[in-house]
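Shown next, in structure tokens, is the structure this report addresses.
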């Protein structure tokens, strides 16, 4: 096989692919557990969607004042706060259905440097600007082939954690994946400036929007819902986001299409608003480097989280962490969201089996590619839940590597004990 032509340049106990919410916690936990650990990240910075897509408000960590997700992810939040990069809300305040009031707005620069700091302190080898290309497993020989600036490289590993968000490593290793017939839209975050809100002609805005909509020069998914289209965006000091529909961000080609369509949508908004009195000098102050992707492929795991299990707060026998977020389905054909709050007192758990591709010995998957149906996935895909899953996967991978055993056979009590050593909250 051609992969054997590449000699192994470096070998690790645990290799984590993806440096977002799940990946950085997995890498730090694995390294703190004593595993020689590498973290492979396609970008030049850690944080994933929180940073490169500017979805910079991790949550939810608390339920009615009680913390349910802690550990390495929460440590990163606390460090960010200590460096002046975030202010914690009052978690004891009842917010009802306004769950976003308990999310934490972080400064992306401070937050990303905190993640990097934590990885380096733990001894994680950070490998930026690399992407997985192939995986070779034959007996005791295991190699991950990566593509980087200098070409292809072979990396030896004992165990791996797929934190790509799209189950890319699971695909390379031949494990079963599923994807919904209709995917939730992606989101582009942006900020407008240069306009005079008090001078915006609302009548002209309504008329221009109606004409543009009929002509196909604007889409209903390009803006937030509201009585006056595009006015909410201006009222919110220009900070907003839009839906990018009919995309699949799981491959490089599909992600390229998503990025192109996202910027086309923002240009449609820009062109329309520039013709409205009060917006003559409007400009785009900021737009995220990447379109945020909500949903692509998920593994078919040893356990499957369905909507009923999630909404009922099922306590799985192999529960490894909590997840607390409402069902949050962004509709693919409109600018609306189907939000279904959890019943009072319900705190769902995530089973370890949902992190294990069915039949896997050497791979775990954490984050939004964990095993479950589309409805449950719309809730457990968020940052805090991904942090908890990632830390769990990192501990299990390190223990499996140390004991030279299948990830399916690790002692969960040992994993839970290791997680508690690092302040994780275990069901």
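The values are calculated or read from the model by the stated rules, or taken from the named source; none is laboratory data. Keep in mind that what you see is a predicted model, and the values were worked out from it rather than measured. Cβ placement follows ideal geometry from the backbone for every residue including glycine, while neighbour counts extend to all protein chains displayed.
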Residue within region 182-200 that is surrounded by fewer than 20 Cβ atoms within 10 Å (Cβ to Cβ) and closer than 30 Å to residue 356 by Cα present: yes
Quickly run through region 235-263 and pick out the residues that are in contact with a strand residue (DSSP E or B) (Cβ under 7 Å, 6 or more places away or on another chain) and at negative phi. 239, 240, 241, 242, 243, 244, 247, 249, 258, 261, 262
Being modelled with pLDDT of 95 or more, crowded, with 18+ Cβ neighbours inside 10 Å, assigned by TED's automatic domain parsing to the domain that holds residue 391 and more than 18 Å from residue 369 (Cβ to Cβ) narrows it down to one of 83, 36, so name that one. 36
Considering residues that are within 22 Å of residue 357 (Cα to Cα) and assigned to a helix (DSSP H, G or I), the number found within region 403-417 is 9
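Residues checked against (1) more than 26 Å from the chain's Cα centre (by Cα); (2) in contact (Cβ under 8 Å) with a residue 24 or more places away in the chain; (3) not assigned by TED's automatic domain parsing to the domain that holds residue 54:
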{"site": "201", "(1), (2), (3)": "yes, yes, yes"}
{"site": "205", "(1), (2), (3)": "yes, yes, yes"}
{"site": "210", "(1), (2), (3)": "yes, no, yes"}
{"site": "213", "(1), (2), (3)": "yes, no, yes"}
{"site": "217", "(1), (2), (3)": "yes, yes, yes"}
{"site": "220", "(1), (2), (3)": "no, yes, yes"}
{"site": "230", "(1), (2), (3)": "yes, yes, yes"}
{"site": "240", "(1), (2), (3)": "no, yes, yes"}
{"site": "255", "(1), (2), (3)": "no, yes, yes"}
Heads up, the strands (runs of 3 or more DSSP E) in region 79-166 (entirely inside) with at least 1 residues that are farther than 14 Å from residue 16 by Cβ are 131-138, 141-148, 151-162
Test of understanding: among 361, 338, which residue is assigned by TED's automatic domain parsing to the domain that holds residue 304 and in a loop (DSSP other than H, G, I, E, B)? 361
Selection status of residue 242, at pLDDT below 95 and more than 22 Å from residue 132 (Cβ to Cβ): yes
Complete set of residues in region 318-335 that are part of a loop (DSSP other than H, G, I, E, B) and farther than 21 Å from residue 387 by Cα: 331, 332, 333, 334, 335
May I ask you to say which residue of 51, 14, 8 is touching a residue at least 24 places away in the same chain (Cβ under 8 Å), crowded, with 22+ Cβ neighbours inside 10 Å, within 22 Å of residue 361 (Cβ to Cβ) and assigned by TED's automatic domain parsing to the domain that holds residue 154? 14
With the checklist (1) more than 19 Å from the chain's Cα centre (by Cα); (2) buried (at least 19 other Cβ atoms within 10 Å of the Cβ); (3) at pLDDT below 95 in hand, flag the one item residue 336 doesn't pass. (2)
So, of the residues in region 19-42 that are out of contact with any strand residue (DSSP E or B) (no Cβ under 7 Å at 6 or more places or on another chain) and part of a loop (DSSP other than H, G, I, E, B), which turns out to be nearest to residue 388 (Cα to Cα)? 20
Residue list for region 267-316, restricted to those being assigned to a helix (DSSP H, G or I), in contact with a strand residue (DSSP E or B) (Cβ under 8 Å, 6 or more places away or on another chain) and buried (at least 20 other Cβ atoms within 10 Å of the Cβ): 269, 273, 310
Those residues of region 203-218 which are surrounded by 14 or more Cβ atoms within 10 Å (Cβ to Cβ) and more than 13 Å from residue 271 (Cβ to Cβ), in sequence order: 204, 205, 206, 213
